[in-house]
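**Student:** Here it is: the structure, laid out below.
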Amino acid sequence: MIGRNQCKALREGDRMSLVIRRHGIRIPWVIVGLLATPAFAQEGPSPVRMDAGKMAGLDLVSTGGGAYEDILVEGELKFRVATLFGGEELRVSVFESTPATTDHRTRPLDVDEFVLVLSGKLVLTEQNGTVQEFTPGQMVVLPRGYTGQWKMEGNYRELAITAAR
């Protein structure tokens with residue numbers, strides 16, 4: 001977990017970014033920006049900002065890994081999560097896990113999922129044996145129906161964007 005004193009904002013020209021010192025990750029504020037702070041007073045929906053602290057792993061809520069026990073291959077599932085945005089069509093969450101591997105052959109993903117790795121490493125192994133590794137700052141889209149292995153290494157944390165259910 002990254003402490004508050006390990007995050008800072010830097011101005012780079014006209015662009016702001018969040019830097020997590022421990023890992024040297026630079027995350028553009030356009031991605032960091034969503035959690036429930038209206039940017040403008042107006043009629044109708046307003047933009048919301050993401051919570052940079054939650055992106056850094058602060059104040060996440062512990063949840064059990066019971067929903068994935070049936071596909072757990074290795075490790076122990078201990079999750080910490082925060083929903084940054086829950087709209088009618090889109091859900092944005094920060095998800096953190098202890099090291100573990102799940103196998104989705106018997107339970108494919110039920111929605112398309114965009115993942116930005118924030119810490120640790122994600123190793124995806126497709127059924128044909130193709131292995132892809134994703135480290136902090138790297139992104140992947142997993143299509144609905146994905147049936148490979150999902151291995152989370154180290155202090156794994158991701159920003160996940162999915163269709164709302």
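The values are calculated or read from the model by the stated rules, or taken from the named source; none is laboratory data. Predicted model, so just to flag it, every value in this text is computed and none were measured. Glycine also receives a Cβ, built like all others from the backbone with ideal geometry; neighbour counts cover every protein chain displayed.
**Student:** How about the stretch 92-117: which of its residues are among the aliphatic types (A, V, I, L, M) and within 21 Å of ASP70 (Cα to Cα)? Break it down stepwise before answering.
**Tutor:** Pass one, the stretch 92-117, residues among the aliphatic types (A, V, I, L, M): 92, 94, 100, 109, 111, 115-117.
The answer is ALA100, LEU109, VAL111.
**Student:** Based on this model, can you work out whether SER93 counts as of a type in the set (S, T, N, Q) and over 25 Å from PRO47 (Cα atoms)?
**Tutor:** Working: of a type in the set (S, T, N, Q): yes; over 25 Å from PRO47 (Cα atoms): no.
The answer is no for SER93.
**Student:** Could I ask something else about it? If we keep just the residues of the stretch 37-60 that are surrounded by 11 or more Cβ atoms within 10 Å (Cβ to Cβ) and farther than 25 Å from GLY137 by Cβ, which is modelled with the lowest pLDDT?
**Tutor:** PRO38
**Student:** Another question, then. Would you mention how many residues in the stretch 113-125 are surrounded by fewer than 18 Cβ atoms within 10 Å (Cβ to Cβ) and over 15 Å from GLY148 (Cβ atoms)?
**Tutor:** Final tally of qualifying residues: 2.
**Student:** Further question on the same structure: Of the residues in the stretch 84-93, how many are exposed (fewer than 14 other Cβ atoms within 10 Å of the Cβ) and part of a strand (DSSP E or B)? Full working, then the answer.
**Tutor:** Taking the stretch 84-93 and keeping what is exposed (fewer than 14 other Cβ atoms within 10 Å of the Cβ), we get 86-90.
Right, trim to part of a strand (DSSP E or B) and you get 86, 90.
Residues flagged as exposed (fewer than 14 other Cβ atoms within 10 Å of the Cβ) and part of a strand (DSSP E or B) within the stretch 84-93 amount to 2.
**Student:** Do we have VAL140 as of a type in the set (A, V, I, L, M), at pLDDT 95 or above and within 25 Å of VAL61 (Cα to Cα) here?
**Tutor:** Details: of a type in the set (A, V, I, L, M): yes; at pLDDT 95 or above: yes; within 25 Å of VAL61 (Cα to Cα): yes.
So VAL140 passes the test.
**Student:** Evaluate the following for VAL111: is it closer than 17 Å to LEU159 by Cα, in a loop (DSSP other than H, G, I, E, B) and not aromatic (Phe, Trp, Tyr)? Break it down stepwise before answering.
**Tutor:** Details: closer than 17 Å to LEU159 by Cα: yes; in a loop (DSSP other than H, G, I, E, B): yes; not aromatic (Phe, Trp, Tyr): yes.
It is true that VAL111 is closer than 17 Å to LEU159 by Cα, in a loop (DSSP other than H, G, I, E, B) and not aromatic (Phe, Trp, Tyr).
**Student:** Any idea which residue in the stretch 120-165 is nearest to GLU74 (Cα to Cα), counting only those that are among the polar types (S, T, N, Q) and in a strand (DSSP E or B)?
**Tutor:** At the first step, the residues of the stretch 120-165 found to be among the polar types (S, T, N, Q) are 125, 127-128, 130, 132, 135, 138, 147, 149, 155, 162.
Keeping just the survivors that are in a strand (DSSP E or B) gives 125, 132, 149, 155, 162.
Values: THR125: 14, GLN132: 18, GLN149: 11, ASN155: 15, THR162: 25 Å.
Within the stretch 120-165, the match that is nearest to GLU74 (Cα to Cα) is GLN149.
**Student:** State whether the residues of the stretch 61-77 include one that is crowded, with 18+ Cβ neighbours inside 10 Å and touching a Phe, Trp or Tyr at 6+ places or on another chain (Cβ under 8 Å). Show your work before the answer.
**Tutor:** Taking the stretch 61-77 first, the residues crowded, with 18+ Cβ neighbours inside 10 Å are 77.
Now drop any that are not touching a Phe, Trp or Tyr at 6+ places or on another chain (Cβ under 8 Å), which leaves 77.
Yes, because at least one residue in the stretch 61-77 is crowded, with 18+ Cβ neighbours inside 10 Å and touching a Phe, Trp or Tyr at 6+ places or on another chain (Cβ under 8 Å).
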